[in-house]
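S.K.: Supplied in structure tokens, the structure appears directly below.
The values are calculated or read from the model by the stated rules, or taken from the named source; none is laboratory data. Computed from a prediction, not measured in an experiment: that's the story for all the values here. Cβ coordinates were reconstructed from backbone atoms using ideal geometry, including for glycine residues, and neighbour counts include every protein chain displayed. The area values use the complete protein model at the heavy-atom level, side chains included, leaving out ligands, DNA and RNA. Shrake-Rupley method; radii C 1.70, N 1.55, O 1.52, S 1.80 Å.
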Amino acid sequence: MQPSKPVSFVSASEPLLEVRNLSIPGTSIDNLSLSVNNGELIGVLGDTSTGKTSLLLSILRLRKYHGSILYKGANIEEIPKTDYYREVSFAPEQPEQAFIANTVANEVAYQLEEWGLDPSEISRRVWESLELLGLRDYAWYPI
């Protein structure tokens, strides 16, 4: 099974990311609108527990929200996850929050699974990656 094609390039006239009337339950984010153009670098700042991480998790489709989030002009809920996650991710402030799996090999496999690759392809890539990084002997160690 081949992965689907990535999301198309954004035109110069439309934002790369657009958030419209976003509200996130349980946070102070209510009716937020913003846009990020291709090549722009932005920071998300605010006091503790105001919703910075919740905003990022919403953009990653990992938290419930009200409103709309567009990526390259398309509603993120309509973009296949395998395509979306090839291009959209974030690195948390505390690196230990980034781990999903309980072993080194499963952690390496996680993103490949999200891309929808065939299990035999995932296995091959995991072992090639671990070998390349000198981590093959640690494959089944806890993170």
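S.K.: Roughly what angle does helix 104-114 make with the longest principal axis of the chain, taking Cα atoms, 0 to 90 degrees, to the nearest 10?
M.R.: 50 degrees
S.K.: On the protein heavy atoms, probe 1.4 angstrom, tell me the percent of accessible surface of the chain carried by carbon and sulfur.
M.R.: Ligands and nucleic acids excluded, carbon and sulfur give 53 percent.
S.K.: Turning to a different aspect of this structure: Ranking request for peptides 117-124, 14-21: highest mean number of other beta-carbon atoms within 10 Å first, then the rest in descending order.
M.R.: So the order, starting with the most tightly packed, is 14-21, 117-124.
S.K.: Oh, and also: What translational diffusion coefficient, in µm²/s and rounded to a whole number, does the Stokes-Einstein relation yield for segment 44-96 at 10 °C and a viscosity of 1.306 mPa s, taking the hydrodynamic radius as the Kirkwood radius over Cα pairs?
M.R.: Reported coefficient: 129 µm²/s.
S.K.: Ok, one more. Express the accessible area of segment 42-140 per residue in Å², computed with a 1.4 Å probe while the remaining protein chains stay in the model.
M.R.: 64 Å²
S.K.: Just the C-alpha atoms of the chain: what Rg/Rh do they give, with Rh taken as the Kirkwood radius?
M.R.: 1.02
S.K.: Work out from phi, with θ = phi - 60° and the Karplus expression 6.51 cos²θ - 1.76 cosθ + 1.60, the ³J(HN,Hα) of each residue of segment 62-68, listed in order in whole Hz, and give x for Gly and Pro.
M.R.: Karplus-based 3J(HN,Hα) across segment 62-68 equals 10, 9, 5, 8, 10, x, 9 Hz.
S.K.: Using θ = phi - 60° and the Karplus curve 6.51 cos²θ - 1.76 cosθ + 1.60, what whole-Hz ³J(HN,Hα) does each residue of segment 75-82 get, with Gly and Pro shown as x?
M.R.: So the J values, rounded to whole Hz, are 4, 4, 6, 9, 8, x, 4, 4.
S.K.: Now, a different point. Return the distance in nm (one decimal) between the two label points of a simple spin-label model at residue 114 and residue 60, each offset 7 Å from Cα along Cα→Cβ.
M.R.: My value for the distance between the label points is 0.7 nm.
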